[in-house]
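The values are calculated or read from the model by the stated rules, or taken from the named source; none is laboratory data. It should be emphasised that the depicted structure is a prediction, and the values quoted were computed from it without experimental measurement. Neighbour counts run over all protein chains shown; Cβ positions are idealised from the backbone, glycine included. Note: areas computed on protein heavy atoms with side chains; ligands, DNA, RNA excluded. Shrake-Rupley method; radii C 1.70, N 1.55, O 1.52, S 1.80 Å.
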Amino acid sequence: MKALLDFLPILLFFGAYKLYGIYPATAVLMAATCVQMGIIYAIDRKLTAMHKATLALILVFGTLTLVLQDERFIKWKPTVLYAAMALALAVALWAYRKNFLKIMLGSQLSLPEPVWHRLTLAWVLYCLFMATLNGYVAAFWSTDAWADFKLWGYVFPVAFIVGQGIYVARHLSDEPAAGNPPEST
């Protein structure tokens with residue numbers, strides 16, 4: 001259910017784009033993302049920083065796309081989001097000596113410090129790759145090709161997350177994460 005919820009806005013965007021064009025699809029994406037965030041909030045009683053950033057960027061770039069009738073704004077939204085994520089992770093890690101991934105996931109995963117560092121570095125590089133790739137597609141490909149890329153380009157995050165899972169699984173300890181009591185049997 002949660003995976004479908006994550007992909008629902010992009011699927012609705014793609015369907016609306018194929019049927020009606022970029023501007024109605026942008027409005028559908030904005031509405032679907034608002035509904036998605038409402039459902040997530042109803043389930044979890046909170047939105048993560050990533051959820052809030054995604055919602056804000058979709059609403060801002062979507063509004064600019066619709067008001068100015070310029071599709072470039074919605075096409076560049078993923079580039080801005082990925083670049084901001086890479087920058088935030090990198091600045092936190094190297095300037096402030098804070099590991100955001102560990103802060104967000106440390107209560108759920110017990111990993112050695114070097115593994116957290118490598119995971120964060122991998123996320124920085126992945127986000128830079130995705131920002132660059134989307135920027136290239138948005139700048140040099142047609143809107144039809146960009147929309148297809150948005151749908152079929154989901155192979156990149158899925159492959160990256162599966163790879164992260166395999167990497168993390170090798171390093172998980174049997175000890176509970178800090179602050180979590182061991183489960184009784």
In segment 78-121, what residues are under 23 Å from Ile166 (Cα atoms), in contact with a Leu (Cβ under 7 Å, 6 or more places away or on another chain) and open to solvent by 50 Å² or more (accessible area, probe 1.4 Å)?
Phe100
Among the residues in segment 64-75, are any touching a residue at least 60 places away in the same chain (Cβ under 8 Å) and part of a helix (DSSP H, G or I)?
yes
Counting only residues that are open to solvent by 80 Å² or more (accessible area, probe 1.4 Å) and more than 18 Å from Ala145 (Cβ to Cβ), how many does segment 61-77 have?
3
Does any residue of segment 94-105 turn out to be aromatic (Phe, Trp, Tyr), over 26 Å from Ala169 (Cβ atoms) and not in a helix (DSSP H, G or I)?
yes
Among the residues of segment 1-24 satisfying the criterion of being exposed (fewer than 13 other Cβ atoms within 10 Å of the Cβ) and among the aliphatic types (A, V, I, L, M), which is modelled with the lowest pLDDT?
Met1
From the residues in segment 139-173 that are of a type in the set (Phe, Trp, Tyr) and under 17 Å from Ala3 (Cα atoms), which one is least open to solvent (accessible area, probe 1.4 Å)?
Phe160
Do we have any residue at all in segment 134-143 that's touching a Leu at 6+ places or on another chain (Cβ under 8 Å), assigned to a helix (DSSP H, G or I) and touching a residue at least 60 places away in the same chain (Cβ under 8 Å)?
no
